[in-house]
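One structure is given here, and the rest of the page talks about it.
The values are calculated or read from the model by the stated rules, or taken from the named source; none is laboratory data. What you are looking at is a predicted structure, and each value in this text was computed from that prediction instead of being measured. Cβ coordinates were reconstructed from backbone atoms using ideal geometry, including for glycine residues, and neighbour counts include every protein chain displayed. Note: areas computed on protein heavy atoms with side chains; ligands, DNA, RNA excluded. Shrake-Rupley method; radii C 1.70, N 1.55, O 1.52, S 1.80 Å.
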Amino acid sequence: MPAPSLTSAQGRRLLLAGQALLGPPPDGLEGLIARLGYVQLDSINVVERAHHLILGSRSAGYEPKQLEALLDRRRLFEHWTHDAAAIPLQWYPHWQLRFPRSRARILASPWWRKRMGDQVEPLLAQVLARVRAEGPLRSADFEHARQGEPGWWGWKPQKAALELLWHTGELAVAGRAHFHKSYDLAERVFPEAHALPAPAPEAHLEWACATALDRLGVATPKELAAFWDAVEPAEAARWCAASLAAGSIERVQVEALDEGPPKPCFAVADWRERLAALPEPGDRMVLLCPFDPILRDRARTLRLFGFDYRFEAFVPEDKRQFGYYVLPVLAGDALVARVDAKFHRARGVLEAKGVWWEKGARRAKARLRAALEDLARRIGAREIQ
């Protein structure tokens with residue numbers, strides 16, 4: 001039988017619901033992060049840090065101290081998915097399988113070796129011994145005459161060692177001050193979770209793919225693998241084949257808005273019931289973080305929303321099309337505009353440096369103003385320009 005067809009609108013509504021932008025909100029901030037799977041952490045603070053923008057766009061009354069409280073109570077742990085993230089602690093055992101792979105990858109990387117120098121194992125042993133003896137330490141607690149390129153990635157060897165030991169699970173992030181990490185032994189930060197065994201590979205594969213599909217609604221094997229960045233696309237394809245045979249997922253074709261043919265995907269088995277239970281998108285307008293989960297996969301965003309988004313902060317200024325920190329605008333279930341924004345904290349001013357409406361989008365300037373006012377309230381701006 002031919003695979004059922006979904007419109008792009010149905011595909012994006014399933015994605016928006018899975019990522020808590022449509023339908024009833026999850027219960028509490030901890031429930032919201034579990035619904036998302038994780039929240040990406042990023043240091044760029046042109047408007048507000050990414051994690052606060054992501055959570056604030058979904059949770060009325062969200063305040064940064066709420067996330068900090070969950071981290072302090074060890075309800076979340078910081079680690080890597082496709083990037084640095086705060087992750088529900090219940091999933092910590094699945095990272096036990098990533099740690100040895102991360103160690104092998106980092107030690108084989110010339111980029112990392114350049115920063116750690118020739119005596120890698122003695123360096124790691126020295127850094128680990130200090131943390132074990134002294135408790136939580138920051139990179140600043142290690143003195144070194146820094147060599148190499150200046151700037152963000154001009155790490156001294158001890159900073160690179162701390163990061164390696166974090167990536168490999170020997171250290172954990174024990175806290176942050178002004179977004180600078182302090183590191184301690186993982187068994188001291190998360191004693192119970194650290195003591196749990198790693199899941200069997202097949203159980204890990206089931207978790208990685210099933211939880212990803214639950215949060216995406218419809219996806220390709222490549223998209224499933226990319227969600228946690230925990231399994232390979234070939235493994236995700238094998239899981240899809242087995243789950244399809246078992247009847248726990250369904251093969252579908254999803255209409256594409258990027259002028260391509262319908263996309264073969266896999267859907268949660270109850271996709272019809274999910275769609276029927278969703279409310280109409282309504283006319284709410286909200287400015288999204290550039291790192292919002294629905295924007296992470298540029299090809300998927302173009303296919304489902306017809307919205308071509310590129311984060312241009314790392315693009316040379318003269319080659320940017322829109323700006324350094326551009327916030328996409330979600331209206332109902334459509335991405336209708338983008339705003340180049342900057343928060344001037346000393347003056348309390350949220351500046352909309354440029355606004356670009358999508359072709360065919362209704363230029364709802366009053367609703368955009370209300371969305372900017374909502375963002376200003378959340379970040380503490382007193383004025384909009």
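Restricting the stretch 288-346 to chymotrypsin sites (Phe, Trp or Tyr not before Pro) that sit in a DSSP loop and have at most 10 other Cβ atoms within 10 Å of their own Cβ leaves F314. In a fully extended conformation the segment linking L275 and L107 would gain 55.8 nm over its present Cα-Cα distance, using 0.36 nm per residue.
Helical runs (DSSP H, four residues minimum) scored at -39500 (n - 2.57) apiece and divided by the length of the chain put the mean residue ellipticity at 222 nm at -12000 deg cm²/dmol.
Residue order by solvent-accessible surface for L278, L335 is L278, L335, largest first, with ligands and nucleic acids left out and a 1.4 Å probe.
Per-residue extension of 0.36 nm, minus the Cα-Cα distance of D258 and Q96, leaves a gain of 54.4 nm for this segment.
Here r is the Cβ-Cβ distance between R251 and H82 and R0 is 35 Å; the resulting FRET efficiency, rounded to 0.05, is 0.85. The modelled label-to-label distance between R130 and D308, using points 7 Å beyond Cα along the C-beta direction, is 4.9 nm.
Computed over protein heavy atoms with a 1.4 Å probe, the accessible surface of the chain works out to 48 Å² per residue. Working note: Karplus 6.51/-1.76/1.60 with θ = phi - 60° gives the stretch 235-243 the couplings 5, 5, 5, 5, 5, 4, 4, 5, 5 Hz, where Gly and Pro are set to x. Computed from the Cβ-Cβ distance with R0 of 30 Å, the FRET efficiency linking A366 to R298 stands at 0.50. The convex hull drawn around the Cα atoms of the stretch 196-320, when projected onto a plane and averaged over every direction, covers 11.1 nm².
Note on the stretch 19-44 and the stretch 64-104: Cα centroid distance 14 Å, given to the nearest whole angstrom. Counting only heavy atoms of the protein chains and using a 1.4 Å probe, V46 has close to 30 Å² of accessible surface. In the chain, if the dipole is taken from +1 on Lys/Arg beta carbons and -1 on Asp/Glu beta carbons about the Cα centre, which of W112, A376, P25 is farthest to the positive end? It is A376, whose Cα lies furthest towards the positive end. As a fraction of the 1.4 Å probe accessible area of the chain, surface on carbon and sulfur atoms comes out at 53 percent.
Is the stretch 241-282 rounded, prolate or oblate when judged by the Cα gyration tensor, a ≥ b ≥ c being the square roots of its eigenvalues, rounded requiring a/c under 1.5 and prolate requiring a/b larger than b/c? Judged from the Cα gyration tensor, the stretch 241-282 comes out oblate (a/c at least 1.5, b/c at or above a/b). Computed from the Cα positions only, the extents of the chain along the three principal axes stand at 59, 59, 39 Å, in decreasing order. Extending 7 Å from Cα along the Cβ direction at S5 and again at D72 yields two label points whose distance is 5.5 nm.
Would you tell me the accessible area of R310, worked out with a 1.4 angstrom probe on the heavy atoms of the protein chains, in Å² to the nearest 10? The value for R310 is about 120 Å².
Spin-label model, V355 to L196: label points 7 Å out along the Cα-to-beta-carbon direction sit 4.7 nm apart. Ellipsoid semi-axes for the stretch 126-241, based on the Cα gyration tensor and the rule √(5λ), read 35, 19, 12 Å when sorted largest first.
Under 17 Å from a label point set 7 Å out along the Cα-to-Cβ vector of E383, the amide N atoms of the stretch 310-352 belong to 342-352.
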